[in-house]
1. Along the positive direction of the dipole of the chain (beta-carbon charges: Lys, Arg +1; Asp, Glu -1; about the Cα centre), which of 25, 99, 156 reaches farthest?
2. Within segment 76-182, list the trypsin sites (Lys or Arg not before Pro) lying in a DSSP loop whose Cβ has at most 13 other Cβ atoms in a 10 Å radius.
3. How large is Rg/Rh for segment 98-157, to two decimals, with Cα atoms and a Kirkwood Rh?
4. Sticking to Cα atoms, compute the Rg of segment 59-152 to one decimal and its Dmax as the biggest Cα-Cα distance, whole number, in Å.
5. With r defined as the distance between the Cβ atoms of residue 160 and residue 29 and R0 fixed at 45 Å, what FRET efficiency is calculated, to the nearest 0.05?
6. Just from its helices, what would the mean residue ellipticity at 222 nm be for the chain, if runs of 4 or more DSSP H residues each count -39500 (n - 2.57) and the sum is divided by every residue, rounded to the nearest 500 deg cm²/dmol?
7. Cross-link list 18/160; 48/101; 48/93; 78/155; 15/78; 48/141: which exceed 32 angstrom alpha carbon to alpha carbon?
8. Working out 0.36 nm times the residue gap between residue 146 and residue 67, then minus their Cα-Cα distance, what length gain in nm do you get to one decimal?
Amino acid sequence: MAKLYFYYSAMNAGKTTKLLQSSFNYKERNMEALLYTFRFDNRFGAAKICSRIGISSDANTFDNATVLFDNISAKLSKNTSCVLVDEAQFLTKNQVSDLCKVVDNLNIPVLTYGLRSDFLGAPFEGSLYLLLWADELVEIKTVCHCGKKATMNAKFDLNKKIVRAGDQIDIGGNEKYISLCRKHYIEGCIE
Ligand SMILES: [Zn+2]
């Protein structure tokens, strides 16, 4: 039985590295993984998934208008063994529903990787429905500067002051974001 997985964490915990490792493991066994990432993220050029430790892979893209069930169905081959989705926090509710259909109707496992909460501590639409609907929730852990588990994402400005307002989506590189434990997130203590 195929399942829908949500691998979630704060920023810079190595989600993308885990995704690319999974893709590699499938390839090694002559099985194919369909990779997807959000189109808005063009930090490394279009249609590429890049991890911070230097490995990368070509990928399909989705944006808010992509009908994922149709898009995935059209790309399936007999070797397709799973679907891997990076930046899964940017999925819409309908797209999470589509991924459920890929699992339930096509019997293909879907592994999604994303942030649990935004820099205001609020949910992303994609992560919210993945947390509610996925078969398996897997936390990828990372640490705050104090050594405790980091669960929150803080955004900070040039003066190293934590930012408490603004748009949810503003991908400008990892230097503006840091993952913190809840105590230090609430205190605004980024170092
Ligand atoms: Zn801390």
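1. 156
2. Numbers: sites: 78, 93, 101, 116, 141, 148, 149, 155, 160, 161, 164, 176, 182; in loops: 78, 116, 141, 148, 160, 161, 164.
Those that pass, being in a loop and sparsely packed, are 78, 141, 148, 160, 161, 164.
3. Radius of gyration relative to Kirkwood radius: 1.07.
4. 14.6, 48
5. Values: r = 46 Å, r/R0 = 1.03.
The formula returns an efficiency of 0.45 here.
6. It lands at -8000 deg cm²/dmol.
7. Pairs exceeding the cut-off: 78/155.
8. That pair, residue 146 and residue 67, stretches by 24.2 nm at full extension.
Every read-out reported here was derived from the displayed coordinates using simple, explicitly stated rules and does not represent laboratory data. Given the structure is predicted, the values throughout are model-derived calculations rather than measurements. Glycine also receives a Cβ, built like all others from the backbone with ideal geometry; neighbour counts cover every protein chain displayed.
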